[in-house]
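Have a look at the structure below, then the notes.
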Amino acid sequence: MSVLLSARGIAKAFGGVQALNGATVEVEQGAIAGLIGPNGSGKTTMFNLITGFGRVDSGEVRLGERNITNLPPDKVFSLGIGRTFQLTRVFARLTVMENMIVAAHRHERGEGFRMPLARAGGAATRRRAMELLEFTGIAKLADNRAETLSYGQRKLLELSYVLMAGPEIVLLDEPAGGVNPTLIGTITDRIRELNKQGTTFLIIEHNMDFVMGLCDVVTVLDYGTAVVTGPPEVIRSDRRVLDAYLGTAEGDDDDAAA
Ligand code: ADP
Ligand code: MG
């Protein structure tokens with residue numbers, strides 16, 4: 001197995017807050033990798049820096065052999081890294097299909113919205129969009145405005161949108177957050193199926209059943225540092241992970257064990 005995505009020694013401060021403190025995350029080609037950690041531990045910041053939303057203070061991001069550190073978001077997207085956002089960023093006033101056409105255009109041209117939608121959505125693009133919407137289970141909503149979708153359906157639209165580019169790796173920021181159990185099941189199934197077809201994943205998620213059931217390998221962030229990386233069964237019982245979540249102070253070990 002070779003490393004597809006690596007973010008090594010990433011540091012980033014916002015004013016006095018050290019959001020990332022030399023953290024390293026590596027994802028093997030073909031893996032479903034998880035990124036977990038308490039609120040504020042730097043997970044979303046890591047995604048932002050990998051995908052060009054903000055510049056690293058230090059460290060290096062690589063896609064395969066290529067150094068992609070601080071490239072702009074559309075460049076990162078067109079090189080094969082798709083992502084979704086913790087709070088979905090679909091275009092609320094556009095229909096589901098129009099959102100998909102925007103995604104296709106963004107990928108093909110490496111730019112946003114200069115071409116009117118009517119001209120941008122050729123028959124082949126629409127066919128591909130419908131296939132993906134059928135895959136994610138929201139094809140019947142194709143002509144509805146995105147703002148009418150439930151939160152879980154928006155997450156599925158965002159996943160569909162990202163897939164229009166045929167990404168090599170997809171970064172998902174809390175795909176199960178606020179989503180009902182039925183749709184969580186759909187999202188899980190779709191991730192597994194895409195992974196079988198060759199797509200690599202890096203997933204931030206608070207839902208531990210979701211992470212532990214889906215991921216091959218998990219990295220735990222705590223205060224901007226990657227404290228441990230390993231398979232779910234190792235992560236589950238690692239003392240440093242319990243400490244990160246429970247906030248056990250250094251030196252408290254004896255008391256906590258009692
Ligand atoms: P997580 O996704 O793990 O909950 P974040 O990466 O969102 O954590 O945030 C890590 C830390 O960096 C937090 O303390 C957060 O308040 C801070 N932070 C993140 N983005 C910004 C920003 N744009 N400006 C200021 N502080 C930020
Ligand atoms: Mg976050």
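The values are calculated or read from the model by the stated rules, or taken from the named source; none is laboratory data. None of the values given here were measured: they were computed from a predicted structure. Ideal geometry is used to build each Cβ from the backbone, glycine not excepted, and the neighbour counts take in all protein chains shown. Accessible surface areas use protein heavy atoms only, side chains included; no ligands, DNA or RNA. Shrake-Rupley method; radii C 1.70, N 1.55, O 1.52, S 1.80 Å.
Checking the conditions here, which among MET212, MET208 is open to solvent by 10 Å² or more (accessible area, probe 1.4 Å), in contact with a helix residue (DSSP H, G or I) (Cβ under 6 Å, 6 or more places away or on another chain) and under 27 Å from THR186 (Cα atoms)?
After applying the criteria, what remains is MET212.
Only one of these conditions is not met by PHE201: (1) away from ligand 2 (no atom under 16 Å from the Cβ); (2) within 13 Å of the chain's Cα centre (by Cα); (3) assigned to a helix (DSSP H, G or I). Which number is it?
With respect to (1) away from ligand 2 (no atom under 16 Å from the Cβ); (2) within 13 Å of the chain's Cα centre (by Cα); (3) assigned to a helix (DSSP H, G or I), PHE201 is out only on (3).
Take the stretch 41-80 and flag every residue that is among the hydrophobic types (A, V, I, L, M, F, W, C) and touching a helix residue (DSSP H, G or I) at 6+ places or on another chain (Cβ under 9 Å).
Initial filter on the stretch 41-80 (among the hydrophobic types (A, V, I, L, M, F, W, C)): 46-47, 49-50, 53, 56, 61, 63, 68, 71, 76-77, 79.
Hits for the stretch 41-80 are ILE50, PHE53, VAL56, VAL61, LEU63, ILE68, VAL76, PHE77.
What are the residues in the stretch 159-180 that are surrounded by fewer than 22 Cβ atoms within 10 Å (Cβ to Cβ), small (Gly, Ala, Ser) and either more than 13 Å from the chain's Cα centre (by Cα) or not in a loop (DSSP other than H, G, I, E, B) (or both), if any?
Once the filter is applied, which keeps residues that are surrounded by fewer than 22 Cβ atoms within 10 Å (Cβ to Cβ), small (Gly, Ala, Ser) and either more than 13 Å from the chain's Cα centre (by Cα) or not in a loop (DSSP other than H, G, I, E, B) (or both), the stretch 159-180 yields ALA165, GLY166, GLY178.
Here's the yes/no breakdown for (1) surrounded by fewer than 23 Cβ atoms within 10 Å (Cβ to Cβ); (2) in contact (Cβ under 8 Å) with a residue 24 or more places away in the chain; (3) over 24 Å from VAL234 (Cα atoms); (4) within 16 Å of ligand 2 (Cβ to nearest atom):
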{"site": "LEU5", "(1), (2), (3), (4)": "no, yes, no, no"}
{"site": "GLY16", "(1), (2), (3), (4)": "yes, no, yes, no"}
{"site": "SER41", "(1), (2), (3), (4)": "no, yes, no, yes"}
{"site": "LEU63", "(1), (2), (3), (4)": "yes, yes, yes, no"}
{"site": "PRO72", "(1), (2), (3), (4)": "yes, no, yes, no"}
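Which one of LEU133, LEU221, LEU156, LEU183 is open to solvent by less than 20 Å² (accessible area, probe 1.4 Å), under 30 Å from LEU246 (Cα atoms) and not in a loop (DSSP other than H, G, I, E, B)? Lay out the reasoning, then the answer.
Numbers: LEU133 fails: under 30 Å from LEU246 (Cα atoms); LEU156 fails: under 30 Å from LEU246 (Cα atoms); LEU183 fails: open to solvent by less than 20 Å² (accessible area, probe 1.4 Å).
Matching residue, one of LEU133, LEU221, LEU156, LEU183: LEU221.
Is one or more of the residues making up the stretch 103-119 in a helix (DSSP H, G or I), modelled with pLDDT under 90, more than 22 Å from GLU168 (Cβ to Cβ) and of a type in the set (Gly, Ala, Ser)?
yes
Keeping to the stretch 18-29, report how many residues are open to solvent by 30 Å² or more (accessible area, probe 1.4 Å) and of a type in the set (Gly, Ala, Ser).
Matching residues across the stretch 18-29 total 1.
Going by what's in this entry, would GLY37 be described as of a type in the set (Gly, Ala, Ser) and farther than 22 Å from MET212 by Cβ?
no
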